[in-house]
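Colleague: First the structure, which I've put down as structure tokens, then a few questions once you've had a look.
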Amino acid sequence: LPQLGEAGQLKLKAARVLVIGAGGLGSPLLQYLAAAGVGTIGIVDPDRVSHSNLQRQVLYGESDLGSLKVEAAKKRLLDLNPHIDIKTHATYFSKENALDLLAGYDLVADGTDNFPTRYLVNDACVRLKLPNVHGSIYRFEGQVSVFWPACPERRGPCYRCLYPQPPPPDMAPSCAEAGVLGVLPGAIGTLQAIETIKILLGIGDPLVGRLIQYDALRQR
């Protein structure tokens, strides 16, 4: 690729990306970042692999049941690309550890599935001036954007600019409660990976100030 070449590959090798959430969105996102050669990938997720995960969290298999997701993910990613560094954090992303977890990273990819964590990821990224590559899924629909007020090319909004207040808890069911088409996070997580790689390379037009809303049922 003329936009990448050896210089671009070295940029990816030097890059540091923190992925928050190693579930449906994190699975394709992590695999493509590792395959692309992103040199340091941090993974934050406190959960263990369960059987109900497997229809959409394609990073794992039956042999991983009961294992910490971050450890199972690390094993799979290093099998895919042994020339990268995987840092695991088997913990919740919280007010107490947010800034410490983000320290030293160039970009954050948010694959979380609940509103409190999304707002916390947003606030920490705004404070540290980091790009936040956001993805979310619900049943047959998904969203992708890049929240980055400090973007050098053009100032973009943050997550709170789009959604000033979280919805009431009873209006925001999780994937486990509402259901999700197993293929959908593959599409959305892959778009997150594309945006992440574009930003790290400094190519193309990232989704700063733009929001993709994807409807899988109507394919639009």
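Colleague: Quick one: Cα convex hull volume of the chain, Å³ per residue?
Modeller: On the way: hull volume 27.0 nm³, N = 220.
It comes to 123 Å³ per residue, whole-number rounded.
Colleague: Turning to a different aspect of this structure: Over what distance in Å are the Cα centres of the range 1-47 and the range 200-220 separated?
Modeller: Taking the Cα centre of each part, the range 1-47 and the range 200-220 sit 18 Å apart.
Colleague: Next question, about the same structure. Mean separation of Cα pairs under 8 Å and 6+ residues apart, divided by the residue count of the chain: what relative contact order is that in percent? Each step should come with its number before you reach the end.
Modeller: Details: 425 pairs, mean separation 50.1, N = 220.
Here the relative contact order equals 23 percent.
Colleague: Which FRET efficiency value, to the nearest 0.05, is calculated for ARG16 and GLN165 with the Förster distance at 35 angstrom and r the Cβ-Cβ distance?
Modeller: Computed FRET efficiency for ARG16 and GLN165 comes out at 0.65.
Colleague: Taking only C-alpha pairs under 8 Å that are 6+ residues apart, what is the relative contact order of the range 90-184 in percent?
Modeller: RCO, the range 90-184: 25 percent.
Colleague: Working from the pairwise distances between different alpha carbons, so that the mean of 1/r is found and then inverted, what is the range 109-220's Kirkwood radius in Å?
Modeller: The Cα-based Kirkwood calculation yields 14.5 Å.
Colleague: At 0.36 nm per residue, and after removing the present C-alpha to C-alpha distance, how many nm does the segment from ARG155 to LEU4 gain when stretched out fully?
Modeller: The span from ARG155 to LEU4 would gain 51.9 nm if fully extended.
Colleague: Take every DSSP beta bridge with both residues inside the chain and express the antiparallel ones as a percent of the total, to the nearest 5. Write down the numbers at each step before the final one.
Modeller: Working: 13 of 32 bridges.
Taking every DSSP beta bridge with both residues in the chain, the antiparallel ones total about 40 percent.
Colleague: Taking N as the number of residues in the range 80-152, what is its Cα Rg relative to 2.2 N^0.38 Å?
Modeller: Normalised Cα radius of gyration, the range 80-152: 1.19.
Colleague: Let me ask something additional. Leaving out same-chain residues fewer than 8 places away, which lysines sit with a Cα under 30 Å from that of LYS11?
Modeller: Straight-distance partners of LYS11: LYS69, LYS74, LYS75, LYS87, LYS129, LYS198.
Colleague: Under a cut-off of 20 Å between alpha-carbon atoms, report the aspartates and glutamates in cross-link reach of LYS13, not counting same-chain residues fewer than 8 places apart.
Modeller: ASP79, ASP85, ASP106, GLU195
All of the numbers you see were taken from the coordinates with simple rules; none came from a lab. Quick caveat: nothing in here was measured; it's all calculated off a predicted structure. Counting neighbours? That spans all protein chains shown, and the Cβs are built from the backbone with ideal geometry, glycine included.
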